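The structure follows.
What follows is calculated from the coordinates using simple rules that are stated; it is not laboratory data. Only a predicted model underlies this, so the values are computations on that prediction, with no experimental measurement involved. Methodologically, a virtual Cβ is constructed for each residue, glycine included, from the backbone with ideal geometry; neighbour enumeration extends over all protein chains shown.
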Amino acid sequence: MIQLYTCVANQHDLRLVAVAAVICALGSYTTFAMGRQVFRDIAWQERLIWAVAGVIATSTAIWATHFIAMLAFEPSMAFGFTVGQTLASFLVAVLLVGLGTGIVIAWSGLAWRFIGGGIVGLAISAMHYTGMGAYHVQGSLRWHAATVAVSVLVGAVLGSASMVVGFSPRRSVQRFAPLLLLAAVCGTHFTGMSAVTVAFDPQVEIPGGSLDSTLLSILTANAALLIVGLALAALRLSHVNRQRHEAENQRLRDLADIAVEGLMICDGDTITGINHSLERILGQSRDTLIGVPLQRILPGLSAVDISTAKEVDGLLRNGGDAGIPVRLIAQMIAIKAKPHTVIAVRDQRERLRAEAEMHRLAHHDALTGLANRRQFNEALAKRVASRRSDDATFALLVLDLDRFKLVNDTLGHGMGDALLRRVSQRLLRAVREEDLVARLGGDEFAILKAGGTDVSAMHAVAERVVDILARPFVIDGHILNIGASVGIALAPEDGEGAEMLMGNADLALYGAKEEGRGRYRMFESSMNARIQARRSLELDLRRAVARQEFTLHYQPQVDARTGTYDGAEALIRWHHPERGLVSPADFIPLAEETGLIGPLGEWVLRTACTEALCWPRHLTVAVNLSPVQFRDARLATTIRNILVETRFPPARLELEITEGSLLQDEQRTLTILRELRALGIRISMDDFGTGYSSLSYLHRFPFDKIKIDQSFVRRTPDDRESAAIVRAIAMLGASLGMKTTAEGVETDAQSSFIAGEGCDQIQGYLISRPVPAEQIQALFSTANPIALSA
Ligand code: C2E
Ligand code: CA
Ligand code: CA
């Protein structure tokens, strides 16, 4: 140690030693700074450049340190260097440092760092002693072998230690590495120098061509500083570049994180990046996913699959059982010159939910939750199509509630809705799960029944449906009896196509209703014929309006006490060119359905008023009004116009309305009736006793007359119940100040009973059948129609 101290302190120019030390310190720092670049995640070409530059910078620094330190050595005699060996010493440094660092770079692990570092340490002594070979003094050099060995050992050990520490995974120790390397270089050099003693010998000659020491020291120092400086500048530049890059990346990451879509970056099939959205979708943190194979979250898919398909639907595994439906869109990008796949992960749950909801809304009836007409039609079409291949038979049931309209009109739409919901619940209970129940609209329902067309089974189902809907519904304290009619068509017997089946099921339903409702009918081909007949009747009816094929017949009404004529009821007749006389009972409903009742009703009124104008002045004419006519709010105006036009006195006109007119929209009907009443027209309640709540109507509107329905009159006087009803109505009329008319009086017995019960008027075959206009006029000119018995 003392030897070393005297060597440095007494035999060297300390200024040059300081220069050497600075170069060595800078060089050592550069060595590790550049070495760390090599271990960064960069392309191999870049690594190679950093490695070669690092080796050269390190070797230069070691060599320059040695060389300048040698120049600082003052043996107090002439000295010089031979050029060739000086260069050789530099080459030795480059080669051995290259080998040592190559080992450290190529293999990881402590042992390799130790070996590589040892070689770098040996490079220092090898360079030093090769360099000493270029050193010539005017004298002889004597070496102290043990010290030489120590110098070699110092270099190897400290060199090893510097590499072990410098490339250790523990960052905290890395910063000691340059110091260790500095120590290795300086230690080797000065220990090596202290091993030498120079003895002056004037005989020794310094070989020619030796380099001048002052110039050399300046050149070497500058060259070394330049190289190391350049290396440091490169490092700085790369650092700045890296920082910019990092900032750029951070910005991209931030951008990716605000993206709503999930994003991930894959290197091959390994996930290398994930944004916040994807973390959220997966419910897992970035750290647990980075480095994990893509298949862990997207089983069965690879980055290549996704990027070749551009867009793929997949299931994202998030630990739950079902997985999250996602759409994947891939794009290739280069990150650090390496191809990566960026995969956008679009969560499809919300979209699928919305789609499902839209589908549900489009295919379901909002009120009852049953399938709607659209879904039913689709299902029927599908069944028809598949039947062609699998030959399976099936049935179609359509049903219509019998008295729904009554509930809806009298108790309000809220009650109607509640009723429809209850009906649908009952229907669902009446069928099997695989059957499709649909609400086609209004009070129309349909059932698509799977599993064959066994007739007895079909009867059973239809009976069940009719029965279950015939039972009363109790809603909000109301007891509602509605009932339903059902029509059934079987595939393929009753039709191959959906439309045909539907049409035939409708015909069967129509048949069931005609038979009196509350029952079911299977389709029969004869129904088709009936419908055809109906259609042609409808056509004829339209033509008849234009061709004036109608006439009015009149049935007289007589005073029950005096037997004198009071007036007559106008009853329409249709003289069909081929069919002959068609009953109003057959065509009035059809005219109501087709809307023809409007013009027809006006014609009746106008004709009745015109014809009755020639009757004795005290006689009235009664005209029937259909409920459909009351849907026209201008009805009163129309009638007034007709009266003005025909100059018929309103007081001689009676209008007969049925309960149906009051059922549809009571308020509107009452308004029209009041308007008519204000004109001086009299209003009669027709067919009284057959409806639902006839009594309540009498309270709400003061009719002028009540016409007791024929069905009671016909059974009097023998049937005690009917007799009681007739009696009750007559008494009710008397107490309410309304006249009463008994319709359908055919016998004397009936007539005398009616008169005895206090009815005001009699109308019926007993007096006269309805007769044409000329005949009624002739009848009115005779005296009294009958001799009334009592
Ligand atoms: P309604 O208003 O109850 O008319 C009485 C019906 O009973 C008439 O049948 C009449 O011929 C029949 N009749 C009268 N006396 C007797 C009798 O003693 N015995 C029997 N068995 N029947 C008797 P019609 O003319 O066939 O009319 C049937 C229904 O057609 C009428 O019933 C009425 O509701 C409707 N109607 C007739 N003409 C018109 C009209 O011009 N406009 C409207 N809207 N409906 C009409
Ligand atoms: Ca009538
Ligand atoms: Ca009647």
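Could you pull out every residue, at least 5 positions away or on a different chain, whose amide H is within less than 5 Å of the one on residue 740? Hs are placed 1.01 Å off N in the peptide plane, and Pro or chain starts have none.
Hits under the 5 Å cutoff: 706, 760, 761.
Could you run the Karplus curve 6.51 cos²θ - 1.76 cosθ + 1.60 with θ = phi - 60° over segment 434-447 and give me ³J(HN,Hα) per residue in whole Hz, x for Gly and Pro?
Those phi angles translate into 6, 7, 9, 9, 10, 9, 7, x, x, 10, 9, 10, 8, 10 Hz.
Compute the separation of the alpha-carbon centres of segment 651-705 and segment 106-121 and state it in Å as a whole number.
Comparing the Cα centres of segment 651-705 and segment 106-121, I get a distance of 116 Å.
At most 16 other C-beta atoms within 10 Å and a DSSP loop state: those are the exposed chymotrypsin sites (Phe, Trp or Tyr not before Pro) I care about. Give me the longest piece of the chain that has none.
The segment 177-691 is the longest one with no such site.
Sticking with this structure for a sec: Tilt of helix 349-363 relative to the longest C-alpha principal axis of the chain, in degrees (0 to 90, nearest 10)?
10
Between residue 288 and residue 337, 0.36 nm times their residue separation minus their Cα-Cα distance comes to what?
Difference between extended and current length: 15.0 nm.
Distance between Cα centroids, segment 714-741 to segment 143-165: provide it in whole Å.
139
P(r) for the chain, please, calculated from all Cα pair distances in 10 Å bins and given in %.
2, 10, 12, 11, 9, 7, 5, 5, 5, 5, 5, 5, 5, 5, 4, 2, 1, 0, 0
Calculate, for residue 199 and residue 233, the FRET efficiency according to 1/(1 + (r/R0)^6) with r their C-beta to C-beta distance and R0 45 Å; round to the nearest 0.05.
Details: r = 46 Å, r/R0 = 1.01.
After rounding, the FRET efficiency stands at 0.50.
Additional query: What's the exposure ranking of 632, 287, going from fewest to most Cβ atoms within 10 Å?
Arranged by neighbour count, lowest to highest, 632, 287 become 287, 632.
Okay, moving on. To the nearest 20 debye, what charge dipole does the chain have about its Cα centre, counting +1 at the Cβ of each Lys and Arg and -1 at the Cβ of each Asp and Glu?
2520
On a full-extension model of 0.36 nm per residue, what is the gain between residue 701 and residue 280, subtracting their alpha-carbon distance, rounded to one decimal in nm?
Details: separation 421, 0.36 × 421 = 151.56 nm, distance 7.09 nm.
Net length gain for the segment: 144.5 nm.
Which entries in the list 513/739; 310/338; 382/405 go over 30 Å, if you measure between the two C-alpha atoms of each?
With Cα atoms farther than 30 Å apart: 513/739; 382/405.
Assuming R0 = 30 Å, what is the FRET efficiency of residue 359 and residue 459, from their Cβ-Cβ distance, to the nearest 0.05?
It comes out at approximately 0.25.
Using 1/(1 + (r/R0)^6) with R0 = 56 angstrom and r between the beta carbons of residue 226 and residue 322, what's the FRET efficiency to the nearest 0.05?
The calculated FRET efficiency here is 0.25.
Label residue 374 and residue 388 with points 7 Å out from Cα along Cα→Cβ: what is the distance between them in nm?
2.5
On a 0 to 90° scale, report how tilted helix 455-470 is relative to the longest principal axis of the chain, with both axes built from alpha carbons and the result rounded to the nearest 10.
Once rounded, the angle reads 80 degrees.
Using the scaling law 2.2 N^0.38 Å as the reference, what is the normalised Cα Rg of segment 618-769?
1.06
Through the Karplus equation 6.51 cos²θ - 1.76 cosθ + 1.60, θ set to phi - 60°, convert the phi angles of segment 258-266 into ³J(HN,Hα) values in whole Hz; use x for Gly and Pro.
Per-residue couplings from phi come out as 7, 4, 6, 6, x, 10, 9, 10, 10 Hz.
Between residue 106 and residue 668, how many nm apart are label points set 7 Å from Cα along the C-beta direction?
Simple spin-label model gives 10.2 nm for this pair.
If you don't mind, there's one more thing I want to ask. Is segment 1-155 rounded, prolate or oblate when judged by the Cα gyration tensor, a ≥ b ≥ c being the square roots of its eigenvalues, rounded requiring a/c under 1.5 and prolate requiring a/b larger than b/c?
It comes out prolate by the Cα gyration axes.
By how many degrees, between 0 and 90 and to the nearest 10, does the Cα long axis of helix 584-594 differ from the longest principal axis of the chain?
Long axis of 584-594 versus the principal axis of the chain: about 30 degrees.
Now a separate question. Given H placed on each backbone N at 1.01 Å, which residues far from residue 564 in sequence or on other chains put an amide H within less than 5 Å of it?
For residue 564, whose amide H was placed from the backbone, the distant partners under 5 Å are 559.
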